[in-house]
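Below: one structure, written as structure tokens.
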Amino acid sequence: NFISAVVPPGEIGIKFDDIGALEDVKTALHELAILPMKRPELFSRGNLLRPCKGILLFGPPGTGKTLLAKALATEAGANFISITGSTLTSKWFGDAEKLTKALFSFASKLAPVIVFVDEVDSLLGARGGGFEHEATRRMRNEFMAAWDGLRSKDSQRILILGATNRPFDLDDAVIRRLPRRIYVDLPDADNRLKILKIFLAQENIEPGFDVRSLANATEGYSGSDLKNLCIAAAYRPVQELLDEEKKGKKSDTTPALRPLHLDDFIQSK
Ligand code: ATP
């Protein structure tokens, strides 16, 4: 069906500590989602403190939005349901009502639960005027109606967490239902250093190499770009070993013992 993953809290395997930088985002998610899920009694008095039903994470690709959503479920001790807007091809649209009802009733049974809607703009994008496909409109309306229908006490422990690289494509009605919007930015040099340290923690790096210089040289890189760079660096010793073997040389070290030459990767993107 159109749910891409359902994971119980203990099985996600990602915590906030596994995410480099983004400290402000983690703090905001703690206040908005983790506390209300873990301590619902603190949010049940009066009208001011109410658990929020929807949060939007927006920002450039590869900055860790999906990672944050997964870690949030771990930290909140919540189940994690993930759906991806763009996978909802027209073949599902005929069943818009059935699917959204099934999704929300499933979520109610799994509360506390984070329902992560990646590429939320694809599912709940702006009304396209006369050009909009009737089925797209119906899917969005069904989704919003089911979302509004979450009223019971239990439903306060269901959080819809949307993520998008294209916040301006979102429908106004959807934006209103995601009252808390958190910008997940590209990392600056200090934050790139924190992210690189996470990726390189277990690696054997060339002697004397200063990771700070790599952080400084990677302006514009997202967390995902930094990871790809580290993977490429880690592959280099394997490639060198394979090349040596091709030339008939027998190597005396395993790739894991060969230091990563990160200097080679310092260049502007
Ligand atoms: P998209 O908008 O393209 O879906 P995204 O913002 O959801 O991207 P993720 O899928 O969470 O980004 O990140 C891709 C990968 O990059 C992650 O699996 C992770 O390995 C790495 N990554 C990104 N940011 C960080 C970070 N701050 N700390 C550690 N790893 C990171």
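The residue that is most open to solvent (accessible area, probe 1.4 Å), among those in the stretch 178-191 that are aliphatic (A, V, I, L, M), within 14 Å of the ligand (Cβ to nearest atom) and part of a loop (DSSP other than H, G, I, E, B), is Leu186.
Of all residues in the stretch 192-212 being open to solvent by less than 40 Å² (accessible area, probe 1.4 Å) and either modelled with pLDDT of 95 or more or part of a helix (DSSP H, G or I) (or both), which is nearest to the ligand (Cβ to nearest atom)?
The residue in question is Ile195.
The sole residue among Ala21, Ala76, Ala28 that is closer than 30 Å to Leu226 by Cα, near the ligand (Cβ under 10 Å from one of its atoms) and not acidic (Asp, Glu) is Ala21. Could you please let me know if Glu244 is modelled with pLDDT under 90, in contact with a His (Cβ under 8 Å, 6 or more places away or on another chain) and surrounded by 12 or more Cβ atoms within 10 Å (Cβ to Cβ)? No: the conditions fail for Glu244.
In the stretch 253-265, the residue that is most open to solvent (accessible area, probe 1.4 Å) out of those that are part of a loop (DSSP other than H, G, I, E, B) and not hydroxyl-bearing (Ser, Thr, Tyr) is His261.
In the stretch 224-252, how many residues are of a type in the set (Ser, Thr, Tyr), more than 11 Å from the ligand (Cβ to nearest atom) and not in a loop (DSSP other than H, G, I, E, B)?
1
Residue under question is Arg166, and the condition is that it be at pLDDT 90 or above, of a type outside the set (Ser, Thr, Tyr), open to solvent by 20 Å² or more (accessible area, probe 1.4 Å) and in contact with an Asp or Glu (Cβ under 7 Å, 6 or more places away or on another chain); does it hold? Yes.
Taking the criterion of being part of a helix (DSSP H, G or I) and open to solvent by less than 20 Å² (accessible area, probe 1.4 Å), the residues of the stretch 213-223 that qualify are Leu214, Ala215, Gly223.
The values are calculated or read from the model by the stated rules, or taken from the named source; none is laboratory data. The structure displayed is predicted, hence computed values, not measured ones. In this analysis, Cβ positions are derived from the backbone assuming ideal geometry, glycine residues included, and neighbour counts consider all displayed protein chains. The accessibility values were calculated without ligands, DNA or RNA, using every heavy atom of the protein model including side chains. Shrake-Rupley method; radii C 1.70, N 1.55, O 1.52, S 1.80 Å.
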